[in-house]
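Since the structure comes first, as structure tokens, the remarks are kept for the end.
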Amino acid sequence: MPSSPTALITGITGQDGSFLAELLLGKGYRVTGVSRAAPEASLGCSEHLRGQIDLVQADLLEPGTLRGAIEQTRPAEIYHFAAPSFVPASWDRPSETLRAIVGSCTAILEGVRELEPSARVFVAASGSIFGEAGESPQREDTPCRPTTPYAVAKLAAHQLVGLLRDRGGLFACSGIAFNHESERRPERFVTRRISRAVAAISLGMQEELTLGSLEAIRDWSFAGDVVEGAWLMLQQERPGDFVLASGVPHTVAELASAAFACVGLEAERYIRVDDSLVREKESTPNVGDPSRAREELGWRPRVGFEELVQRMVRADIQTLQATAACT
């Protein structure tokens with residue numbers, strides 16, 4: 001029998017890494033996850049996969065450890081998801097953000113070129129690289145005008161992937177992923193803050209939900225669909241970059257209304273707008289055009305907007321009920 005394909009996933013403790021690990025295990029892969037913490041520490045979102053995946057320790061800020069992970073595992077496929085993911089924090093630590101995102105991408109691509117040149121590499125870019133692009137929706141060839149240190153770093157990594165693919169011969173792909181969510185998203189993100197608050201309000205544990213701008217527009221997809229797009233990118237004959245997005249814009253108000261509808265409540269009764277949380281209005285809606293991924297990869301998101309929101313609210317209700325039962 002042929003040996004199982006091998007995959008190395010950075011960011012195994014996060015939302016994307018956990019969904020991808022589940023997908024690959026289901027396809028018969030041998031999966032190794034990269035974690036900064038010791039193997040015996042919590043695996044975060046992938047804790048339920050302990051014993052099914054191998055683990056290797058590495059740090060985004062220490063390039064040698066990433067090279068060591070590649071040398072140790074010799075993977076056929078590498079999925080680089082690990083990165084600081086909370087965009088506002090990049091303003092507080094721009095130097096560290098650039099080192100973590102650009103430095104780790106460089107280390108992985110160099111490691112592949114020197115140690116395992118036949119390996120296929122996926123690097124997670126972000127729809128934020130387009131910034132104030134002046135056109136919406138954004139495609140793979142849309143001009144990039146990033147507006148945060150995080151987006152600048154993601155754009156640099158994205159461009160590096162293209163350079164080393166075109167001039168270095170690597171099978172390297174950049175997945176330009178727009179906002180993608182799930183019940184595994186950290187609570188500091190607005191989608192989980194909303195779903196968690198709605199769950200708490202429905203259970204009588206909270207009275208209101210405080211938000212900033214209700215008119216901010218985002219393109220929200222299910223994280224499990226996005227990681228399937230990443231896998232499909234590495235199964236093609238030729239490497240390339242693809243936008244992974246729903247292509248459908250929604251406002252924060254629409255997301256909140258959908259969440260409250262899941263529990264039979266009217267959003268307007270419970271939402272309070274705090275002007276101090278309102279950021280400068282974006283002139284270019286951050287919405288992706290997934291046409292190329294659909295045509296060339298056959299990528300079809302399975303979870304729609306309403307189903308995604310419902311999934312998150314139900315999960316938070318279950319979590320809060322379980323927590324209350326233990327107290």
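The values are calculated or read from the model by the stated rules, or taken from the named source; none is laboratory data. Nothing here was measured: the structure is a model prediction, and the numbers come from that model. Here Cβ is always computed from backbone atoms with ideal geometry, including for glycine, and neighbour counts include all displayed protein chains.
The condition (being out of contact with any strand residue (DSSP E or B) (no Cβ under 9 Å at 6 or more places or on another chain) and closer than 22 Å to residue 290 by Cα) is satisfied by just one residue among 143, 186, 137: 143.
Give the residue that is farthest from residue 176 (Cα to Cα), with candidates limited to residues of the range 249-268 that are surrounded by fewer than 16 Cβ atoms within 10 Å (Cβ to Cβ) and of a type in the set (A, V, I, L, M). Among those residues, the one meeting the criterion is 265.
Criterion applied to 47, 40, 96, 114 was being assigned to a loop (DSSP other than H, G, I, E, B), out of contact with any Asp or Glu (no Cβ under 6 Å at 6 or more places or on another chain) and surrounded by fewer than 21 Cβ atoms within 10 Å (Cβ to Cβ), and the one residue passing it is 40. Within the range 167-179, which residues are of a type outside the set (Phe, Trp, Tyr), over 15 Å from residue 82 (Cα atoms) and at pLDDT 95 or above? Within the range 167-179, 170, 172, 173, 179 qualify. Somewhere in the range 178-191, is a residue closer than 21 Å to residue 306 by Cβ, assigned to a loop (DSSP other than H, G, I, E, B) and of a type in the set (Lys, Arg)? Yes; the residues of the range 178-191 include at least one that is closer than 21 Å to residue 306 by Cβ, assigned to a loop (DSSP other than H, G, I, E, B) and of a type in the set (Lys, Arg).
Cβ-Cβ distances below 8 Å connect the following pairs, each with a first residue in the range 119-133 that is assigned to a strand (DSSP E or B) and surrounded by fewer than 24 Cβ atoms within 10 Å (Cβ to Cβ), a second residue that is among the β-branched types (Val, Ile, Thr) and modelled with pLDDT of 95 or more, and a separation of six or more residues or different chains: 120/78. Total residues in the range 159-196 satisfying the condition of being touching a residue at least 24 places away in the same chain (Cβ under 8 Å), closer than 28 Å to residue 316 by Cα and not acidic (Asp, Glu): the figure is 16.
All of (1) of a type in the set (A, V, I, L, M); (2) within 17 Å of the chain's Cα centre (by Cα); (3) part of a helix (DSSP H, G or I) hold for residue 303 with one exception: (3). Restricting attention to the range 188-212, the residues being buried (at least 16 other Cβ atoms within 10 Å of the Cβ), hydroxyl-bearing (Ser, Thr, Tyr) and more than 21 Å from residue 324 (Cα to Cα) number 1. Taken together, 309, 243 contain a single residue that is touching a strand residue (DSSP E or B) at 6+ places or on another chain (Cβ under 9 Å), in contact (Cβ under 8 Å) with a residue 60 or more places away in the chain and not in a helix (DSSP H, G or I), which is 243.
This table checks each residue for (1) closer than 28 Å to residue 127 by Cα; (2) touching a residue at least 12 places away in the same chain (Cβ under 8 Å); (3) not assigned by TED's automatic domain parsing to the domain that holds residue 231; (4) not hydroxyl-bearing (Ser, Thr, Tyr).
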residue	(1), (2), (3), (4)
29	no, yes, no, no
71	no, yes, no, yes
76	yes, yes, no, yes
95	yes, no, no, no
